[in-house]
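To start, the structure under review is shown below, and the notes come after it.
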There are 2 protein chains.
Amino acid sequence: MKALVTGGAGLIGSALCRRLLAQGAQVLCVDDLSLGSLRHIEDFRSSPGFEFAEWDVSRPDWHAPLRGRTFDLLAHLAANSDISLGRERPETDRSRTFDTTFEALRAARALSIPRLLFGSTSAVYGAEPVMPTPEACPAMHPVSVYGAAKLASEAFISAFVENYGLNAWVYRFGNVVGRQLTHGAIFDFVARLRRDPTELVVLGDGRQAKTYIDVEDCVSGMLHALDKSPAGRTHAQRFQVFNLSTTGTTSVREIAEETVAVMTGGKTRIRYGASAVGWVGDVARTSLDVGRMLSLGWKPRLDSTAAVKESIRTYTEWSR
Amino acid sequence: MKALVTGGAGLIGSALCRRLLAQGAQVLCVDDLSLGSLRHIEDFRSSPGFEFAEWDVSRPDWHAPLRGRTFDLLAHLAANSDISLGRERPETDRSRTFDTTFEALRAARALSIPRLLFGSTSAVYGAEPVMPTPEACPAMHPVSVYGAAKLASEAFISAFVENYGLNAWVYRFGNVVGRQLTHGAIFDFVARLRRDPTELVVLGDGRQAKTYIDVEDCVSGMLHALDKSPAGRTHAQRFQVFNLSTTGTTSVREIAEETVAVMTGGKTRIRYGASAVGWVGDVARTSLDVGRMLSLGWKPRLDSTAAVKESIRTYTEWSR
């Protein structure tokens, strides 16, 4: 099996590369290292079967050097993962999330890659979906530019599946955490506590509660669905969407308290804001209906809060 | 009232400009004339209050000359309307539909335009929605690149509404017909019959049935919803989606027979294909639930088949 992984030096991409290599696959990892890092892939960088290319997937010609090579799988994970940056500069999500998807699709078409895995997000559902939110959710109106760029990407993937013989597995992730964070609440809290261990200011009232999943469970879920839910003949069987997260949720308050417990033994004063959301475009609560994944026999190793706790412990060590 | 209309020399855009002028508005019509035509606007080109600018809205700097001017309304109708071209060259829909929307949104933000009207499409619903399809349709997976680019546009509009104080009215049109066609079944049939009046080859088995709306009803519906459903405070009240069409449907067979009756007195042999759809990415049947528009007190002047018949009659004359 030959896999091409974009964003392969990011949190999820690097875990996927590592897993594919362990299963005996050949992996070409592409990353422009804008958010990803060589440190994420250093433990397997010199493995046989692994290649790394520092390319920007938003460029129309990025896949030109691959002409004549064959791949069984394109996992497209390159994206801007910094949600609040998208509000300041919507051009960032347009370029780093939407344009990379469009150019990844063109690459899949040009190189005749039959299978595409895409890392989407619960942010496609917008502010007020039913909870827990099923994949077939009516009225998906994203409130973050991040969510908009992911939904826009899904739309083009859906059309490419119909028009050019591609098969797609689209995973709408909860908040993915692990040892190697590049963004998110844990990442922010750790950075702030390193600057000032006496006080932690939390955006929002801390009652925002979201669904978290450990990155290793995330990768096992992706490969599980690929294996257990192969492409069929109809569009719905060739463009498959999976909510991929745990069933529970974890509040920002729990994350703040646990991070403070691990880093300062609880000696930090935590100050919460008044607002129900952390910032404009933030969503106060996410909870995904993961019944479709569970029905395929997949089961996450860690629940939401256990994933958060393990991430706080391993990330503070890894980032020391 | 000062309105900025992109794609203002197209079928819907020119009808909207004409109506706004008749209501006393000042109108700046922007069109790159790639699909639109000066002939569409010739009857009001020299009206007081009307300006025309031949600009390409997909260019990031298109609105730079407007700095310092104020507009109450941006109607964004610039788009590629040739669905089958999108299959050959997905770059066309990406650039002419998605990029124009992104740059229209940046213009609305830069010029602080408070209200955006967007021309979307029933193609956002994909191949197998419930029928008649309501706006809050679960699992919207477009099968045409055209529909994908429109859904991608809607997603970014939704996020801009949340983040930058914009209010949006999104209209998912049925097949819009009228005197000045630039694409579609009637346009194609007329062109083919002019080349060869003895035989008309129809893509698909002719049983494809879609919902049609006259362009004048389309424009009255847009302005009706803008008037009767003003923006509120929540995201759902500021990003409003309306199916805009008639309640009935008209089959390709009816269109072919009527066009032949009008053009050759029925002397043409019509040859149908075997497939249920006209081309890959085509949808065999569309039927929209327009209850939301009807509940606002709007009523179309013509039903689906009457709109088709009037368009065949007026377009064959206009295009002679």
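The values are calculated or read from the model by the stated rules, or taken from the named source; none is laboratory data. In this text the structure is predicted, and so the values were computed from the model without any measurement. All Cβ positions, glycine included, derive from the backbone under ideal geometry; neighbour counts span all protein chains shown.
All conditions but one from (1) in contact (Cβ under 8 Å) with a residue 60 or more places away in the chain; (2) in the same structural domain as B:Gly221 (by TED's automatic domain parsing); (3) assigned to a helix (DSSP H, G or I) apply to B:Ala168; the one that does not is (3).
Where helices (runs of 4 or more DSSP H) sit wholly within segment B:68-118, those with at least 1 residues that are aliphatic (A, V, I, L, M) occupy B:83-88, B:100-110. When B:Arg292 is tested against (1) assigned to a helix (DSSP H, G or I); (2) under 22 Å from B:Leu193 (Cβ atoms); (3) charged (D, E, K, R), just one condition goes unmet, and that condition is (2). All conditions but one from (1) of a type outside the set (Val, Ile, Thr); (2) within 14 Å of chain A (Cβ to nearest Cβ); (3) under 20 Å from the mean Cα position of the chain (by Cα); (4) surrounded by fewer than 24 Cβ atoms within 10 Å (Cβ to Cβ) apply to B:Arg106; the one that does not is (3).
Okay, residues lined up against (1) touching a Cys at 6+ places or on another chain (Cβ under 9 Å); (2) in the same structural domain as B:Ile83 (by TED's automatic domain parsing); (3) under 11 Å from B:Ala256 (Cα atoms):
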position	(1), (2), (3)
B:Thr182	no, no, no
B:Ile186	no, no, yes
B:Asp196	no, no, no
B:Val202	no, no, yes
B:Asp205	no, no, no
B:Glu216	no, yes, no
B:Gly221	no, yes, no
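Please go through (1) closer than 25 Å to B:Ala231 by Cβ; (2) in contact (Cβ under 8 Å) with a residue 24 or more places away in the chain for B:Asn163 and return the number of the only condition it doesn't satisfy. Status for B:Asn163: all satisfied but (2). Looking only at segment A:272-318, residues that are modelled with pLDDT of 95 or more and of a type in the set (Gly, Ala, Ser) come to 7 in all. With respect to the conditions (1) under 24 Å from A:Arg39 (Cα atoms); (2) acidic (Asp, Glu); (3) within 8 Å of chain B (Cβ to nearest Cβ), A:Asp188 lacks only one, and its number is (3).
Yes or no, residue by residue, for (1) surrounded by fewer than 18 Cβ atoms within 10 Å (Cβ to Cβ); (2) not in a helix (DSSP H, G or I):
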| position | (1), (2) |
| --- | --- |
| B:Leu181 | no, yes |
| B:Val190 | no, no |
| B:Pro197 | yes, yes |
| B:Leu200 | no, yes |
| B:Arg233 | yes, yes |
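Matching residues to (1) more than 10 Å from chain B (Cβ to nearest Cβ); (2) within 25 Å of A:Lys2 (Cα to Cα); (3) in contact with a helix residue (DSSP H, G or I) (Cβ under 9 Å, 6 or more places away or on another chain):
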position	(1), (2), (3)
A:Arg115	yes, yes, yes
A:Met131	yes, no, no
A:Ala152	no, no, yes
A:Arg172	yes, yes, yes
A:Gly204	yes, no, yes
